[in-house]
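Note sheet for the following structure.
The values are calculated or read from the model by the stated rules, or taken from the named source; none is laboratory data. It should be emphasised that the depicted structure is a prediction, and the values quoted were computed from it without experimental measurement. In this analysis, Cβ positions are derived from the backbone assuming ideal geometry, glycine residues included, and neighbour counts consider all displayed protein chains. Heads up: the accessible areas ignore ligands, DNA and RNA and are worked out on the full protein's heavy atoms, side chains in. Shrake-Rupley method; radii C 1.70, N 1.55, O 1.52, S 1.80 Å.
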Amino acid sequence: MFVLSGYEYFLGFLLVCSAVPAIAIISSQLLRPKRQGVERRTTYESGMEPIGGAWIQFNIRYYMFSLVFVIFDVETVFLYPWAVAFNQLGLLAFAEALVFIAILVIGLVYAWRKGALEWS
Amino acid sequence: MNLAEGVQIVSFGILAFMMLASAIGVVLLNNIVYSAFLLGVVFVSISGLYILLNAAFVAAAQILIYVGAVNVLILFGIMLVNKRRDFARIPNAWLNQGVTALVCGGLFALLSSMIIATPWSISTAPIAGDAALVEIGKHFFTDFLLPFELASVLLLMALIGAIVIARREFFPEEGEDLSAESNLTLPERPRELTGGRR
């Protein structure tokens, strides 16, 4: 049996979302001037001159920030069912969730103390 | 009003095509960045399949974790790698490729025979829908409590391990020549050696 009730709006949004980039590109193609020059081929017209290739090694700090983000992203996914079922679960589940959060707060404090959250 | 069966079949077809095409693209494209983005498309299509199966929470978790987290980590991992180089050809590469094809084909045959042989019993129980999320929450705090708490310990280990690996404990001595260490073109590269606190 197939239900999917309430997804009509989702489908509508999906259609609109896929239409917007296509409309933007096609309309700018129709509206823009046809002249082509050297300046127009640069990445940022009348911006900074790009130097070197785009494929460079990134600082490892970016990776650290994204990893801290990933940890708390996963934490959110775990806590969401708890928050939805909060009324049916009672006090014990509240304490268990606090333990879960406390273990991750240890990690956050560690990251903070080690300066992983700072761009020094 | 429910979406009709036809819409389901058409959506399944679109999602399956998206998934297979981008999975083939992940393997075949030479530019590894394109492969990583196409992997994101694969994950999004899998999430669409979950929505078709009335598993909205699993679909949201798929988007959040795989597209938002795992794929971002893969992209950052690619960007941490230095510029692409020209690799030398491996001698007897056909042998490796043959063995790989054999293993992959065997795995495919095994899995497909298992899928065909399994008697899939279609449940007649009513679909939980939005109540499934409450059920998941109840399971988390009753019979799946230990894995739930262990997950947080696992996340803690991942976080601390990443910080230990990624943090630079290295401070160069005065006058030490660093030009041999890195041949990078990133303008901000020398600055990070002075930073960091203990």
Cβ contacts < 9 Å: first residue not β-branched (Val, Ile, Thr), restricted to the stretch B:151-164; second residue not in a helix (DSSP H, G or I), any location; separation 6+ or different chain. Result? B:LEU159/A:ALA116; B:ALA162/A:ALA116
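Look at B:ASN54 and say whether it is at positive phi, out of contact with any His (no Cβ under 7 Å at 6 or more places or on another chain), in a loop (DSSP other than H, G, I, E, B) and within 14 Å of chain A (Cβ to nearest Cβ).
Considered against the rule, which asks whether it is at positive phi, out of contact with any His (no Cβ under 7 Å at 6 or more places or on another chain), in a loop (DSSP other than H, G, I, E, B) and within 14 Å of chain A (Cβ to nearest Cβ), B:ASN54 comes out as yes.
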Kindly establish whether B:PHE76 is in contact with a Leu (Cβ under 9 Å, 6 or more places away or on another chain), within 13 Å of chain A (Cβ to nearest Cβ) and under 30 Å from A:PHE72 (Cα atoms). yes
Of the conditions (1) within 14 Å of another protein chain (Cβ to nearest Cβ); (2) surrounded by 10 or more Cβ atoms within 10 Å (Cβ to Cβ); (3) of a type in the set (A, V, I, L, M, F, W, C), the single one that B:ILE122 does not satisfy is (2)
Can you name every residue in the stretch B:6-26 that is within 30 Å of B:LEU80 (Cβ to Cβ), touching a helix residue (DSSP H, G or I) at 6+ places or on another chain (Cβ under 8 Å) and open to solvent by 50 Å² or more (accessible area, probe 1.4 Å)? B:MET18
Return the pair list, or none, for Cβ contacts closer than 6 Å from residues in the stretch B:25-45 that are more than 15 Å from B:VAL70 (Cα to Cα) to residues that are open to solvent by less than 60 Å² (accessible area, probe 1.4 Å) and among the β-branched types (Val, Ile, Thr), at least 6 apart or on different chains. B:ILE32/B:ILE78
